[in-house]
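Scroll down for the structure; my scribbles are underneath it.
Derivation of every value follows stated rules applied to the coordinates shown; laboratory data play no part. All values derive from a computational prediction rather than experimental measurement. Don't worry about glycine lacking a Cβ; one is built from the backbone with ideal geometry, like all the others, and counts go over all protein chains shown.
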Amino acid sequence: MIILKNVYFCQNEKKILKNISLRIKKNKIITLIGPNGAGKSTLIRIILKLQKQSFGKVIYLRKNKIGYVPQKIYLNTPFPITVYKFMKILNNYKKNIIIKNLKKVGVIKLKTRNLNSLSGGEIQKVLLARALLNNPDLLVLDEPTQGMDILGQLKLYQLIHKIKNSLKCSVLIVSHDLNLVMNQTDKVICLNKHICCKGTPKLVSKNKNFIKIFGLIKIRKFAFYNHNHNHKHNF
Ligand SMILES: Nc1ncnc2c1ncn2[C@@H]1O[C@H](COP(=O)(O)OP(=O)(O)OP(=O)(O)O)[C@@H](O)[C@H]1O
Ligand SMILES: [Mg+2]
């Protein structure tokens, strides 16, 4: 769908991205992983045409519909805005489309809530629902699980995997935890200004460049357990 060839990005003569070449293929999940300041968000903004590369080529093989969940949004609106209005504001989507996507992400109950009153994890889910409104061919998520507890993160990755299968879209996702994305990703790209290594999650987790940055990670299998809520509280 998209090809990057020898892309560089410089800011004030500082190289932020060096010689990035990669391909985003149809119906695949790619995870971008790297330390803080590695250039992950910058690379994403270049792919989304929100920023222009200094050198190199970004080739779009087709006209893609893109859904984007940014790393940060600034919610300093002077007036309150409900989740429903926030979903409608961009393209005046029809009510049934908004409801369908809020349901898909499991946040329909937040429809009439003020955006400013949501928890970090709830906001991330609303942003995901908003990114799905145009039935994207490519879903780009920049650290979508920030502010979520571990089970919430795992569930969100599973949901993204499900969405990818139902929409038949590609997903480009920034994550800091290879363990969590391990089972839900086709390819991992480890970035630290340049591409340190790339490949299947299993291969990357054993790569010496990856280990240098992230240390040796033990591949865990997550087990679900049923938490019984019959605690006796003595208040
Ligand atoms: N407009 C800018 N002017 C100057 N430096 C910038 C600008 N945008 C990004 N940078 C720098 O480029 C580097 C990469 O930033 P970027 O936000 O892409 O990193 P990241 O990998 O997404 O980090 P994080 O994991 O913290 O989100 C950082 O050192 C940042 O300070
Ligand atoms: Mg970032």
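Numbers for the structure displayed
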| item | result |
| --- | --- |
| Calculated P(r) tail over 31 Å for the chain, as whole % of Cα pairs | 27 percent |
| Three-way shape call for segment 113-170 based on the alpha-carbon gyration tensor, with the a/c threshold at 1.5 | oblate |
| Most mobile listed residue (23, 113, 62) in the chain, GNM with C-alpha springs under 10 Å | 62 |
| Prolate/oblate/rounded call for segment 1-46, Cα gyration tensor, a/c under 1.5 rounded | oblate |
| Amide H partners (placed H, <5 Å) of residue 27, local residues excluded | 170 |
| Whole-number percent relative contact order across the chain, with pairs defined as alpha carbons under 8 Å at least 6 apart | 26 percent |
| Rounded Å value of the spacing that divides the Cα centres of segment 1-68 and segment 145-195 | 17 Å |
| Estimated dipole of the chain in Debye, rounded to 20 [Cβ of Lys and Arg +1, of Asp and Glu -1, Cα centre] | 740 debye |
| Approximate spin-label separation residue 103-residue 5, in nm, with each point projected 7 Å along Cα-to-Cβ | 4.6 nm |
| Cβ crowding within 10 Å averaged over residues, with 44-55, 124-135 ranked highest first | 124-135, 44-55 |
| Residue 58 paired with residue 212, simple spin-label distance in nm, labels 7 Å along Cα-to-beta-carbon | 2.8 nm |
| Translational D in µm²/s for segment 1-104 (Stokes-Einstein at 37 °C, 0.692 mPa s, Kirkwood Rh from C-alpha pairs) | 199 µm²/s |
